[in-house]
Amino acid sequence: MQFTIHTGKVAGLDRANIDTDQIIPKQFLKRIERTGFGKFLFYDWRYLADGTPNPTFELNRPENEGATILVANENFGCGSSREHAPWALADYGFRAVIAPSFADIFYNNCLKNGLLPIRLDKQDVEYLLKESKRADYELTIFLEEQRVYDEAGFARTFAIDPYRKQLLLKGWDEIDLTFMYEPYIVEYEKKQANLT
Amino acid sequence: MKPKTIIEKIWENHVVYREEGKPDLLYIDLHLVHEVTSPQAFEGLRQKGRNVRRPDLTFATMDHNVPTVNRFVINDEIAKNQITALERNCREFGIPLADLSSPEQGIVHVIGPELGLTQPGKTIVCGDSHTSTHGAFGALAFGIGTSEVEHVLATQTLWQHRPKTLQIHVTGRLGEGVTAKDVILAIIQRYGVDVGTGYVIEFTGDTIRNMSMEERMTICNMSIEAGARAGLVSPDETTFAYLRGRKYAPKGEAFEKAVQYWRSLATDEGAEYDKTIEIDAATIAPMVTWGTTPGMSAPVDGIVPYPEQFATETERKAVQLALQYMGLTPGTPITDIAVQHVFIGSCTNSRISDLKAAAEMVKGKKVAPGVRALVVPGSQQVKQQAEEEGLAQIFIDAGFEWRDSGCSMCLGMNPDTVPEGEHCASTSNRNFEGRQGKGARTHLVSPKMAAAAAIYGRFVDVRKLEKEAVH
Ligand code: SF4
């Protein structure tokens, strides 16, 4: 999926170590499609026992309706490797997640699904968590320049691997790209076969 | 030549293509597949008319949502769907599969080593974060997402950045009753659930060297709980002895040749790591988690902590939320926590030595009234061996349920779950909210500690029990 520039509403989830079991609980892993996971996002936090929305959960608050950028605290996406987590976040409507740090596998999984994970300093994240409480608070993410900014003058650059950035900007299918290296793979396999 | 770590050696051996400004294209030697994270990957191949490049380097089994009471009666339609999808996909793409009726079926991270598929020097991936388990053999093994599963199926490669290296050096003798599980829990408790983020861990030191393969697997298994995608141990005689004679290990002369190569992989004297942590084994006690991350644990003779003890606001808030979820009051001695469920199983602790350690503890005793206790062997082979050696009978006589192999209550995707608000002593690896069932309160412990908790209905210090047994 392609990502170039995005402006959207920000929702804050001020917790650390949000694991993929919370992002998408296991009972929803049994589907064999990639789509339709959005309605189960944060299921156990988002809904009460009787299935109605939990009014105290951050994403259910009116000011966060329609948010497309999620801000959370340290070590976001730790735990299980389930790609269902970024699928659910993207299917719900998120285009980017901002946190001081991410778990490795989750970070990678996001990039493969056009969901941009952005690492910012802890104090910047604290600022965004505070601002996100305003219903009309928006951020813009400009991937080409690796910049995230708001209207009030907050602007930060973020790091991203140049290779992943290119794939996102162009929306390329990574497998097609790897097929261009087929001769190297064949050569490697030949070399290995000779070794043993 | 500059001394190298095993991590650098394996990496360099697998680079297919390298270019400045790009990750390396890395060759994958073994791709393990299970039913939950693969259907969308196979579907992706089908949609684009792509093939599986090396079905001979791919091996599949079903473990996550198989029932462990009667494995052939799957009442959950959607789970059944995933299991039949895997059968169909393996047939269509020619991938070997240990299915429900196979004597080789089991948790993917238990059967890989057991069958000798897991070998030193290999790059191993699986759509499961506990792939780190295979690192115990000196393999570079890490979990991947479904898109990467599809990528490996189609190309047998992955684009990867070279990780940083973290040495965790454990020295000295472990106390009586202290196990590999306690070592890894203590490491995570002291250094945090993200100490390994961005790193591959190599576990070194005489404590690790003196461990069996099964103990090393327990340690590497939970590297991911320390944030590292992979954790490994340089191969040695223990590794080779374990692999000799395994079904897919090289045979005869080829084995001796392989051993020579494997030996050369061990980290060189004087090799440098990006970061090193030293652990004194003698300072480790049996550990019990009291919270909702694997880092929230205490020695069994300790107490549930006070949120105020923690340094940052984020931590204090996390601890408060965790204690609320767990229904625990700060200051409570760990040994005052009562359990209603005990689960011995999972890819962390469901191998034969784990079951032996637990069986020793329960032999001739009874599960406490009001406690439901479950033993779920990691594989059909472990199950059979345990039955032959009489371990199964010890558990059954003590009042445990003796099950078929699978992930079971580790994540409760099958019908085995812990009811809301109840406490479970579990030998698995994750105590996240809802992991073992909605509202379930999980305490991670070693097999010995779990077995003792089943007998006493609360946590007990196994070190004291062992002393009593002697006198
Ligand atoms: S036993 Fe638990 S941790 Fe291991 S593979 Fe199964 S679900 Fe994952």
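Checked against (1) over 15 Å from A:Tyr107 (Cα atoms); (2) open to solvent by less than 50 Å² (accessible area, probe 1.4 Å); (3) without any contact (Cβ under 8 Å) to a residue 60 or more places away in the chain, A:Gly77 passes all but a single condition, namely (1). Within the stretch B:397-418, residues that are farther than 18 Å from B:Asp99 by Cβ reach partners that are more than 14 Å from the ligand (Cβ to nearest atom) and outside any loop (DSSP other than H, G, I, E, B) with beta carbons closer than 6 Å, at six or more positions or on different chains, in the pairs B:Ala398/B:Val362; B:Phe400/B:Ala373; B:Trp402/B:Ala392; B:Trp402/B:Phe395; B:Trp402/B:Ile396; B:Val418/B:His341. Filter the stretch A:80-96 down to the residues that are away from the ligand (no atom under 14 Å from the Cβ) and open to solvent by 10 Å² or more (accessible area, probe 1.4 Å), then identify the one that is farthest from A:Ile24 (Cα to Cα). Ranking the qualifying residues of the stretch A:80-96, first place goes to A:Arg95. Taking the stretch B:1-118 and the strands (runs of 3 or more DSSP E) fully enclosed by it, the elements with 3 or more residues that are within 23 Å of B:Gly231 (Cα to Cα) are at B:24-27, B:30-33, B:58-61.
Residues are listed down the side, and each one gets a yes or a no for (1) within 12 Å of another protein chain (Cβ to nearest Cβ); (2) in contact with a Phe, Trp or Tyr (Cβ under 9 Å, 6 or more places away or on another chain); (3) outside any helix (DSSP H, G or I); (4) crowded, with 17+ Cβ neighbours inside 10 Å:
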{"residue": "A:Gln2", "(1), (2), (3), (4)": "no, yes, yes, no"}
{"residue": "A:Lys9", "(1), (2), (3), (4)": "no, yes, yes, yes"}
{"residue": "A:Asp21", "(1), (2), (3), (4)": "yes, yes, no, yes"}
{"residue": "A:Gln27", "(1), (2), (3), (4)": "yes, yes, no, yes"}
{"residue": "A:Lys30", "(1), (2), (3), (4)": "yes, no, yes, yes"}
{"residue": "A:Thr35", "(1), (2), (3), (4)": "yes, yes, yes, no"}
{"residue": "A:Trp45", "(1), (2), (3), (4)": "yes, yes, no, yes"}
{"residue": "A:Asp50", "(1), (2), (3), (4)": "no, no, yes, no"}
{"residue": "A:Pro55", "(1), (2), (3), (4)": "no, no, yes, no"}
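Taken together, the residues in the stretch A:126-140 that are modelled with pLDDT under 95 and in contact with a helix residue (DSSP H, G or I) (Cβ under 6 Å, 6 or more places away or on another chain) amount to 1. Any residue at all in the stretch B:413-431 that's touching a Gly at 6+ places or on another chain (Cβ under 9 Å) and part of a helix (DSSP H, G or I)? Checked against the condition, which is being touching a Gly at 6+ places or on another chain (Cβ under 9 Å) and part of a helix (DSSP H, G or I), the stretch B:413-431 yields no hits at all.
Every residue, every condition in (1) of a type in the set (S, T, N, Q); (2) open to solvent by 40 Å² or more (accessible area, probe 1.4 Å); (3) away from every other protein chain (no Cβ under 14 Å), yes or no:
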position	(1), (2), (3)
B:Val339	no, no, yes
B:Met361	no, no, yes
B:Val382	no, no, yes
B:Asp397	no, yes, yes
B:Pro415	no, yes, no
B:Ser428	yes, no, no
B:Thr442	yes, no, no
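Taking the stretch B:239-262 as the region of interest, how many residues are away from chain A (no Cβ under 14 Å) and either of a type in the set (S, T, N, Q) or touching a helix residue (DSSP H, G or I) at 6+ places or on another chain (Cβ under 8 Å) (or both)? Matching residues across the stretch B:239-262 total 6. Residue check: is B:Asp128 within 21 Å of A:Ser80 (Cβ to Cβ), within 16 Å of the ligand (Cβ to nearest atom) and in the same structural domain as B:Arg46 (by the TED database)? Judged against the criteria, B:Asp128 is a match.
The values are calculated or read from the model by the stated rules, or taken from the named source; none is laboratory data. What you are looking at is a predicted structure, and each value in this text was computed from that prediction instead of being measured. Neighbour counts are summed over all protein chains in view; Cβ atoms, including those assigned to glycine, are modelled from backbone coordinates with ideal geometry. Side chains are part of the model used for accessible areas, which takes the heavy atoms of the whole protein and leaves out ligands, DNA and RNA. Shrake-Rupley method; radii C 1.70, N 1.55, O 1.52, S 1.80 Å.
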